[in-house]
Structures are given as structure tokens and as C-alpha cells.
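These notes are about the structure you will find just below.
Coordinate-derived values only; no laboratory data. Worth saying up front: this structure is predicted, and the values here are computed from it rather than measured. Quick reminder, even Gly has a Cβ in these numbers, built from the backbone with ideal geometry, and neighbours come from all protein chains shown.
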Amino acid sequence: MNSTLKILILMSSLLFVIETAHTNILSTDGDIKFKLGQTNEQMRLNSTGLGIHTTTPAANLHIAGNAIVSGQLHIGGTNGSANLNINGSLGYSILTLSSNTTLDESSYVFANTSSGNVTLTLPYAGNVTGRFYHIKKTSQLNYLYLVAGGNYIDRDTHLILEPNLTTMPSCSVFSDGSQWYLMQASANFIGIAADNLIGYWGLDESSAQNNVAYDWSVYQNHGTLNNIAAANIGVSGKVGQAIDFDGNGDRVELGDLTILEGDNMKYFTIALWVYMMNDTGDNDILVKGIHTNNQPFLLWRDESTTDKIAFLITDSDGDYFAPKYSNTAATLNTWMHIAITFSSNLEARLYINGVEESNSPFAATTYKDINSNTGTWKVGSDNNGGTASDFRGKIDDLRFYNRVLTANEINQLYFFSNH
């Protein structure tokens with residue numbers, strides 16, 4: 001017999017005795033205790049109130065644990081026909097802070113940014129289904145950054161409440177158990193480079209998701225995981241989970257996407273995180289075509305230049321933008337953020353860990369776009385019959401934008417994924 005049933009039987013018996021015998025129950029020490037056995041106390045009644053699963057009730061009814069009400073509950077009166085009816089005021093727990101914080105159970109958050117930028121990290125959405133946070137910036141100075149904590153907020157992983165000299169912005173977010181959703185935001189609330197996001201493969205999939213690489217942009221051009229072992233899917237990443245490529249044909253096939261063609265590839269930004277575990281041979285990170293010259297696009301770690309990051313482009317007229325190399329070398333077993341911007345008939349820029357390389361920009365006055373007439377987009381391998389240049393390591397958070405992000409936006413992408 002479970003403890004709840006025993007308590008109910010005990011209470012029923014007690015009420016029966018009181019009702020039929022008109023017996024008063026008196027306490028010699030101020031407490032009436034209800035026990036199962038000699039030591040397992042389940043309830044206590046004293047002058048303060050009735051405590052269930054607590055020996056020190058602090059209110060008329062004090063329940064230490066969960067309570068289920070099947071029907072209506074009225075608080076402060078009897079008016080109302082909803083499941084929960086409150087006749088009076090309702091209070092919430094409040095968290096006031098002025099430094100980087102991971103949010104807890106407090107529903108209302110007041111963040112003081114007067115002394116500097118503050119980062120708030122949401123808990124993992126899957127652990128707090130149904131939770132609301134109402135967040136208010138209480139200073140007109142500096143930035144308040146909201147980080148999704150291994151999930152997404154709508155279509156992004158980070159959002160910003162920016163400074164404003166006349167108002168103090170606010171927002172509300174809600175967890176449905178799979179991710180966070182932005183429910184309300186003031187005019188001073190922005191996503192980090194959320195505009196013009198035409199492809200966003202977070203690579204947060206689990207092995208149970210039918211080998212689909214979900215595109216979190218509005219275009220939903222989902223890719224396919226090929227030749228990747230279940231144990232290498234959904235591993236610990238830089239932004240939530242990532243995919244671990246074993247260097248033996250593992251790849252994510254994105255296909256020949258029309259959204260990544262034409263005008264969208266005249267002014268663009270590509271950004272992603274990599275974690276390299278091998279420095280033997282070249283390592284293909286992102287490919288349109290195959291691993292050789294005169295391909296539409298190739299991003300790789302180059303062995304011949306002592307592990308520099310390299311990229312090349314061929315445009316739709318066949319003009320070849322020969323390989324350009326970083327000054328920064330890749331470091332094994334360390335996360336690195338890579339971003340490339342391209343401005344048609346002008347220049348390309350390369351950023352490593354949020355900072356533009358010292359040898360960037362690279363002149364591109366005769367190159368206009370990425371060739372859309374050949375090749376498909378692939379992550380981790382060119383799938384060209386060999387594995388010599390296949391990537392060994394983890395890749396995470398791949399983004400395509402159809403505009404050139406500013407240096408500040410790229411730094412924000414790096415900074416917030418790195419917190």
C-alpha cells in the first residue's frame with residue numbers, strides 16, 4: 001500500500017471517529033502528527049497550519065512537493081469559473097542581477113547593465129517545458145545578451161537587448177520542451193544577424209532523427225547525414241550539439257540549393273565552428289564541387305601552408321578566385337570560428353575567432369558570385385571517391401547569409417557562441 005493511500009485511510013478513519021463520537025483531539029506539545037509506522041511522519045498540524053511532507057508548516061496549508069487539483073481552485077475568494085481563480089493579487093519570484101548569470105526558476109528577471117554588458121543563459125528548453133521568462137533591461141547603457149543554452153530562440157541561438165538613450169527594452173520567452181520561442185519584444189530587441197539568414201544548419205541532430213540535418217532558417221532546406229555513425233551524431237558541440245566526422249567518407253549533403261545561387265551569392269557571409277582532430281593531409285570543411293582548383297567553392301585546412309585555413313571561389317563566368325590563406329594556423333582539439341564574406345566585384349574577407357585576419361581583405365574586382373552551374377554543397381567531404389581530404393573532427397552551427405555581415409556582427413556571432 002502506498003503512502004498516499006495510507007494517509008487517506010488514516011484521515012478518513014479520523015474524520016469518522018470525530019463525526020460519530022464527537023471527540024476532541026488535543027495535543028500536549030502543540031502539534032498533531034500523522035505517521036506511517038513509528039518514524040515516517042507524513043503530515044503535521046499545529047497552530048500555524050497543516051504541513052504535508054513537512055514538519056514545519058509555514059502557512060495555513062504548506063505542501064512540500066507537488067500538488068494536483070482536479071477541478072477548480074479558488075484563491076482569495078469564490079468568484080471565477082476557470083481551473084485557477086485568483087481574487088486578489090498574484091506575486092512572482094524576482095531575480096535582480098548585474099553580471100553574467102544562468103537563469104533559474106525566477107519568472108521575472110531585472111538586469112542592470114549600467115556597469116557593462118551582461119549575458120543571460122537560458123536553461124536547456126527540454127528540461128523546463130512550459131516555463132516563461134520575462135526579462136527587463138534596467139539601464140539604458142550597454143548590451144544585454146540572451147543565450148539559448150543549447151537550443152534556439154526562434155531561429156537563432158543568441159539575441160540582444162541593445163542600449164537606447166530613451167527606453168529600456170524587455171522581452172518574454174517560452175519553452176515548449178524542444179526550444180525557446182520569443183513571445184514578445186520591445187523595439188530595441190534584435191537578433192544577432194538574423195536578417196538575411198538563408199541557411200542555418202545547427203547540426204544539433206540526434207541519431208534518432210532519421211539522418212536529417214535540419215535547416216533552421218525559414219527556407220527549411222534540410223540536408224542529409226551520410227555515412228555517419230550514430231555515436232557521432234549529437235555529440236557535445238560549441239553551440240549545443242555537433243557532428244563528429246571520422247575522416248572516412250562522413251559528410252552532410254546539402255544539395256544543389258537554389259537559395260544559394262544567383263544574387264544571393266553576390267554578397268554573402270558563410271560562418272561556422274570547427275574542431276579539428278587531424279593535421280595529416282588537407283581537411284575539407286565545406287565544399288561545392290570537389291577538392292581541386294576551379295571549383296565553385298572550397299573551404300579547407302591546408303597542409304602545405306602548415307595548417308592555415310584556405311578558401312577558393314569560381315564564379316558563374318568561370319573566373320577563378322585562386323586560394324586565399326589565413327595567417328592564423330588551425331590548432332588541434334580546439335574550437336575555431338571561421339567566417340568568410342564576399343562582395344561582388346570588390347573583395348573577400350576572412351575572420352578567425354571573430355577577428356579579421358591581418359592579410360584580409362582580398363581583392364576580388366573581377367569576381368562576381370559563386371558558380372551555380374556545377375557541384376553540390378557538402379560538409380566534411382567532397383565525396384569524390386577518396387577520403388584523403390575528408391575532415392576529421394567536429395563541425396557545428398553552419399550559417400549562410402545573403403549579405404555581407406559587418407565586423408561587429410561577426411564578432412558577436414563568435415562571442416555569443418563562445419559563452
Go ahead and run the numbers for FRET between ASN248 and SER81, Cβ-Cβ distance against an R0 of 60 Å, rounding to 0.05. 0.40
Please compute, for the alpha-carbon atoms of segment 201-300, the extent along each of the three principal axes and give them in descending order in Å. 38, 36, 22
Output ³J(HN,Hα) for segment 267-277: one whole-Hz value per residue in order, computed from phi by the Karplus curve 6.51 cos²θ - 1.76 cosθ + 1.60 with θ = phi - 60°, and x for Gly and Pro. 9, 8, 9, 10, 9, 6, 10, 10, 9, 8, 10
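How much FRET efficiency would the formula 1/(1 + (r/R0)^6) give for THR406 and SER93, where r is the Cβ-Cβ distance and R0 is 35 Å, rounded to 0.05?
Numbers: r = 39 Å, r/R0 = 1.11.
Rounded to the nearest 0.05, the efficiency is 0.35.
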Across the alpha-carbon set of the chain, Rg over Rh with Rh taken as the Kirkwood radius works out to 1.16
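Quote to one decimal, in nm, the extra length available between THR365 and ALA59 on full extension: 0.36 nm per residue of separation minus the C-alpha distance between them. Mind dumping the intermediate values first?
On the way: separation 306, 0.36 × 306 = 110.16 nm, distance 7.55 nm.
Going from the current span to full extension adds 102.6 nm.
Any chance you could tell me what percent of the C-alpha pair distances in segment 56-157 go past 20 Å?
57
Expressed in nm to one decimal, what extension gain is obtained for the pair LEU346 and SER47 from 0.36 nm per residue of sequence separation less their Cα-Cα distance? Kindly include the intermediate steps, with their values, before the conclusion.
Working: separation 299, 0.36 × 299 = 107.64 nm, distance 8.09 nm.
Using 0.36 nm per residue and subtracting the Cα-Cα distance, I get 99.5 nm.
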Amide hydrogen neighbours beyond the local backbone of ARG403, cut-off 5 Å, H modeled: THR269
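Treating the beta-carbon of each Lys and Arg as +1 and of each Asp and Glu as -1, no other charges, what is the dipole magnitude of the chain about its Cα centre, to the nearest 20 debye? List each step's numbers first, then the result.
On the way: 22 positive and 39 negative charges, 294 e Å.
So the magnitude is around 1420 debye.
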Scalar couplings 3J(HN,Hα) for segment 85-94 by Karplus 6.51 cos²θ - 1.76 cosθ + 1.60 (θ = phi - 60°), nearest whole Hz, x for Gly and Pro, are 10, 10, 9, x, 9, 10, x, 10, 6, 10
Simple label model, 7 Å out from Cα along Cβ direction - THR305 to SER206, nm: 4.1
For ASN221, which sequence-distant residues (separation of 5 or more, or a different chain) have an amide H within less than 5 Å of its own amide H, given hydrogens modelled in the peptide plane? ASP215
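Rounded to the nearest 0.05, what FRET efficiency do ASN40 and ALA388 have when you use their Cβ-Cβ distance and R0 = 45 Å?
Values: r = 68 Å, r/R0 = 1.51.
Step by step, r from the Cβ atoms, then E = 0.10.
Could you estimate the translational diffusion coefficient of segment 197-417 from the Stokes-Einstein equation, with Rh from the Kirkwood formula over C-alpha pairs, at 37 °C and 0.692 mPa s, in whole µm²/s? Write out the running numbers ahead of the final one.
Values: Rh = 17.0 Å.
Translational D for this selection: 193 µm²/s.
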Need one number: nm distance between label points at THR224 and SER172, each 7 Å from Cα along Cα→Cβ, rounded to one decimal. 4.4
Backbone HN-Hα couplings from phi across segment 126-134 [Karplus 6.51/-1.76/1.60, Hz, Gly and Pro as x]: x, 8, 9, 4, x, 7, 9, 10, 10
Under 5 Å between amide hydrogens, which residues at least 5 positions from ALA330 or on another chain qualify, with H placed 1.01 Å from N in the peptide plane? LYS308, ILE309
Most positive-pole-ward Cα, THR292, ILE25, PRO169, against dipole of the chain from beta carbon charges: ILE25
Taking the C-alpha atoms of segment 137-205, how large are the radius of gyration and the largest Cα-Cα span, Dmax, in Å? 12.9, 42
